[in-house]
Every structure is written in structure tokens, then in C-alpha cells.
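Below is one structure, written out as C-alpha cells; comments come after it.
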Amino acid sequence: SAFSQTNAIDSLTTLLKTDKEDTNKVNHLNDLGWELMYINPDTSILLANEAFELAIRIAGSSSATKNSMIKKAAQKGMAQSNSDLGLYYELKGDYSLSLAYHFKALEIRETLNDKKGIASSLNNIGNIYYYQGDYPKALEYFFKALKTNEETGNKNGIALNLGNIGNIYYDQGDYPKALEYYFKALKMNEVTGNKNGMALNLGNIGNVYYSQA
């Protein structure tokens, strides 16, 4: 709701006033940017860049050299900043810049062997190729994301990837394939009890039957 979003923005703004220059501040900057993306994406971009620059400084600091956990947390923050920037530029319609940031996020997440993050970045890259109308590339990245999510058993991620693959087959007019993947996505969302996902899948299945008359 708008009320809870305002609360989140207020809480994060308050925290940032007293935050030390550490990974908590990186996370709070990233979180505040995320809350503001539909209200003011330009501010979100500034906050994500600030978070990224702080995370780089932390990752290169003497404390990070001594403590690998600090370095890893900073690198996770760097990846999140890049991933968020990819989304903010997507909202602004700058797909080439969006893609560049998503690939940066993917690179960092691969270094960290963060499988959930890797799958998320692969899916984000697939989305941009999809918006650009490059269906073969989009499918390639959605299938890569699906494989990664299957390796970790991330059911919500699997459902998302299956639905996205279905969308491409639908747009290409391959209705049997679209139905196959929409039904797989529906089944996975039923397993996790994701009602929003189920509603989306059912709507997409209805669209296919409508297109088939």
C-alpha cells in the first residue's frame, strides 16, 4: 500500500542519517532507491550509484582485506546496485544501458557464486532482450535462468522463468509450446501457493485459448 511505502521511505531516510559508512548504508541506499523507483527513477539512479561507489570503497578497504565477510557483503551490495540500475534504466526505456548494468551485476554474482542472484540477473537480461524483440536471445537467457533456479530448487524463480518462456512462445504464435510452459508455471505456483502468479498464469492460458479461437 501507499501508506506502508511511505513508512518504508521515512524509515530508510531516518536510518541513512545515522548510518556509518558501512555495508548497512549500502543496503539502505539500495533499498531506498528501490522504494522510489516508480515515484522518481532519477533519484533511484543517484542512490544506486552512491551505494555502488560506497560498496567499492568498502570492498577495497583494509577491513575487507582482513575480513572476507565484509568484502563479500560489499560485493553483494555492488551487484544489487548494478541490478537495480538495470531496472531503473529499463523503466526509462534505455535498454542498452539497462543491459550493460544487468551484465555487470551478473559478473559480480558469478564471482560470488550467488546462484539465486545469477538466476535473477539472467532473467533480467532475458527480459531486456524480450522487450527489444530479440526472441532467440531472450529464450537463451530465460532457459539459463531456469536451469540455475532448478539447480537450487528456487520454485518461485522457476515459475517466473517458465511464465517468461511461455510469453515468448505466445508472441511467436507457437500456442502449443506457450500452453505447455504456462501450465508448468501454473503448477509450480500452485506448489508455492503464489496466488498472484497463478492468476497471471491463468490469464495467459486464457489468452492462448482466445488466440486459438
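The values are calculated or read from the model by the stated rules, or taken from the named source; none is laboratory data. What you see is a predicted model, and the numbers here were worked out from it, not measured in a lab. Neighbour counts are summed over all protein chains in view; Cβ atoms, including those assigned to glycine, are modelled from backbone coordinates with ideal geometry. Accessible surface areas use protein heavy atoms only, side chains included; no ligands, DNA or RNA. Shrake-Rupley method; radii C 1.70, N 1.55, O 1.52, S 1.80 Å.
When you look at Tyr135, is it of a type outside the set (A, V, I, L, M, F, W, C), more than 27 Å from Ala74 (Cα to Cα) and in contact with a Lys or Arg (Cβ under 7 Å, 6 or more places away or on another chain), yes or no? Let's see the steps before the verdict.
Values: of a type outside the set (A, V, I, L, M, F, W, C): yes; more than 27 Å from Ala74 (Cα to Cα): yes; in contact with a Lys or Arg (Cβ under 7 Å, 6 or more places away or on another chain): no.
Spelling it out, it is not the case that Tyr135 is of a type outside the set (A, V, I, L, M, F, W, C), more than 27 Å from Ala74 (Cα to Cα) and in contact with a Lys or Arg (Cβ under 7 Å, 6 or more places away or on another chain).
Of all residues in the range 118-129, one or more are more than 13 Å from the chain's Cα centre (by Cα) and assigned to a helix (DSSP H, G or I). Listed by position, the helices (runs of 4 or more DSSP H) inside the range 1-101 whose residues that are surrounded by fewer than 12 Cβ atoms within 10 Å (Cβ to Cβ) and of a type in the set (A, V, I, L, M, F, W, C) number at least 2 are 2-18.
Of all residues in the range 171-181, which are surrounded by 15 or more Cβ atoms within 10 Å (Cβ to Cβ), closer than 15 Å to Leu139 by Cβ and in contact (Cβ under 8 Å) with a residue 24 or more places away in the chain? Ala178 - this is the single residue of the range 171-181 that is surrounded by 15 or more Cβ atoms within 10 Å (Cβ to Cβ), closer than 15 Å to Leu139 by Cβ and in contact (Cβ under 8 Å) with a residue 24 or more places away in the chain. Residues that are farther than 13 Å from Gly86 by Cα and free of Cβ contacts under 8 Å to residues at least 12 places away in the same chain within the range 31-45 comprise Ile39, Asn40, Thr43, listed in sequence order. Taking the range 117-166, which residues are of a type in the set (Val, Ile, Thr) and open to solvent by 10 Å² or more (accessible area, probe 1.4 Å)? Within the range 117-166, Ile118, Thr148, Thr152, Ile158 qualify.
Got at least one residue in the range 107-129 being aliphatic (A, V, I, L, M) and more than 30 Å from Ser68 (Cβ to Cβ)?
Within the range 107-129, the first condition is being aliphatic (A, V, I, L, M), and the residues that meet it are 108, 112, 118-119, 122, 125, 128.
Keeping just the survivors that are more than 30 Å from Ser68 (Cβ to Cβ) gives 128.
For the range 107-129, residues aliphatic (A, V, I, L, M) and more than 30 Å from Ser68 (Cβ to Cβ): present.
Given the structure, is Tyr141 part of a helix (DSSP H, G or I) and touching a residue at least 24 places away in the same chain (Cβ under 8 Å)? So Tyr141 fails the test.
From the list Lys195, Lys184, Lys104, which residue is over 23 Å from Ala79 (Cα atoms), open to solvent by 70 Å² or more (accessible area, probe 1.4 Å) and in contact (Cβ under 8 Å) with a residue 12 or more places away in the chain? It is Lys184. Of all residues in the range 149-170, those that are of a type in the set (Asp, Glu) have Cβ atoms under 7 Å from Cβ atoms of residues that are open to solvent by 30 Å² or more (accessible area, probe 1.4 Å), 6 or more apart or on another chain, in Glu151/Lys115.
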